[in-house]
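This report concerns only the one structure given below.
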Amino acid sequence: MTVKKVGVVGAGTMGSGIATNIAQHGYPVHIVDVGASQVEGALAKARVFYQRQAERGRMSAAEAAAAGDRLRGGTELDALGGCDLVIEAVFEQLDIKAELYGRLIPRLAPGCLVATNTSCLQVGALARSVDRPERFLGMHYFNPPSVNPVVEVVRGEKTAPSAIDAALAFCTATEKMPVLCRDSSGFALNRFFCPYINEAVRIYDDGIATPFEVDRVACDVLGAAAGPFVVINLVGSRVVLHAQSNLAALGGFYAPAESVVRVGEQAGSWEIGDPSPPDAARDKAVADRLMGATFLALLQELDEEVAAPADIDLGARHAFKFGKPPCGLMDALGRKEVERMLRPFCETYGAAVPRSLSRVGQLAARG
Ligand SMILES: NC(=O)c1ccc[n+]([C@@H]2O[C@H](COP(=O)([O-])OP(=O)(O)OC[C@H]3O[C@@H](n4cnc5c(N)ncnc54)[C@H](O)[C@@H]3O)[C@@H](O)[C@H]2O)c1
């Protein structure tokens, strides 16, 4: 199937940015929200975005005006009857999303795809409130969706292959890099990125290094554009707590760090602290823990066949700005070195050494 017209439900942070991206790439988009002011705000934000793109020479003034014209909105779901794809980006609550689907889906054409932008709910759990689960999938955009180039395309248990193919093609047509993954907690990317952030905070909680020192090591060893504490301040400590708590059922290793809970519950920010000189022994301990935590989560994910290593590295490079994406980094370090970093975590948290450790050395090559 080919997508020609798109609907977006929810005109908040994500829905407005998703609609902005899609209209920019030539598709008529209709955005619906319960609040008329949210719709007006989203349309105005999109026009400002296109205007800035034009000022920066990324689109012509005529293209900016045309993109603005393609974007319409209102409060009525009936307006979505002619869409081929509807992306849902309402509040992150199962009952709210399920109630919405109950009203939305009877108004859609039979072949229309419905995608949820959920971060933490299972696509399978949401699919239970949809009468055509084969047309239902996850399309998880990253914030800010108007510019972040990555979208996780999440295959629910009942999602039809043709629906996945259409979503992948649609991502490419809107200049997004799709990361195809299974419906599993944290999907492909937050599954290892959250434990990496969480471990950074555990290192601080253990009195080993300051946020500045942890961030500096992270930027060095993973080639991260910004260290984990700067990232927490950017995305919000409450969001970080929510995302980590979503993984907690996977075992003790995934439980939120003490200060992830403390700072997150207060929606606080981190003091990054003053620069301090490098210390070889401390920095090595920090590096081992940051990489060990990232690698453990990632290898467990590979054991569970959540996503392919090449897709994971693509996402890490472009969604999180890791200059040294983790599968390629493990290959470069080699199996023995990765195992040395993993072992302390397996012992502390009673986790088995992941089977995928045996693939280290050829992860990136196999794709
Ligand atoms: N904010 C992020 O960083 C981020 C990143 C990726 C995914 N997500 C996911 O995207 C979704 C939306 O998040 P957000 O941050 O944009 O939220 P938000 O609070 O900014 O916006 C949600 C919008 O949905 C509207 N809404 C609520 N119920 C509705 C209904 N029944 N019908 C129509 N509109 C309704 C609200 O009025 C609001 O404008 C969530 O599932 C969230 O988990 C968020």
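Brief remarks follow.
- Under-19-angstrom lysine pairs by C-alpha in the chain, whenever the two are 8 or more apart or on separate chains: 7
- Computed over the range 72-230, relative contact order equals 15 percent, with contacts defined as Cα pairs under 8 Å that lie 6+ residues apart.
- Looking at the range 8-101, the trypsin sites (Lys or Arg not before Pro) that sit in a DSSP loop and have at most 13 other Cβ atoms within 10 Å of their own Cβ are Arg56, Arg58.
- Coordinate range along principal axes, alpha carbons of the chain, Å, largest first: 61, 42, 38
- Our note on the geometry: Cα centres of the range 195-253 and the range 279-321, 12 Å apart.
- Distance from the alpha carbon centroid of the range 142-185 to that of the range 86-109 works out to 18 angstrom.
- Here the label points at Glu157 and Val353, each 7 Å from Cα along the C-beta direction, are separated by 3.3 nm in the simple model.
- The range 191-265: relative contact order in percent, alpha carbon pairs under 8 Å with at least 6 residues between: 35
- Residue order, fewest to most surrounding Cβ atoms within 10 angstrom, among His25, His30: His25, His30
- Sum of -39500 (n - 2.57) over DSSP H runs of 4+, divided by residues of the chain (222 nm, nearest 500): -15500 deg cm²/dmol
- Cα-based shape type of the range 6-182, given that a ≥ b ≥ c are square roots of the gyration tensor eigenvalues and the cut on a/c is 1.5: prolate
- Normalised contact order of the chain, rounded percent, pairs of Cα under 8 Å and 6 or more residues apart: 13
- The C-alpha atoms of the chain define a longest principal axis, and helix 61-70 lies at about 70 degrees to it.
Throughout, read-outs are computed from the coordinates displayed, never taken from laboratory work. Only a predicted model underlies this, so the values are computations on that prediction, with no experimental measurement involved. Every residue, glycine as well, gets a Cβ built from its backbone with ideal geometry; the counts of neighbours run over all protein chains shown.
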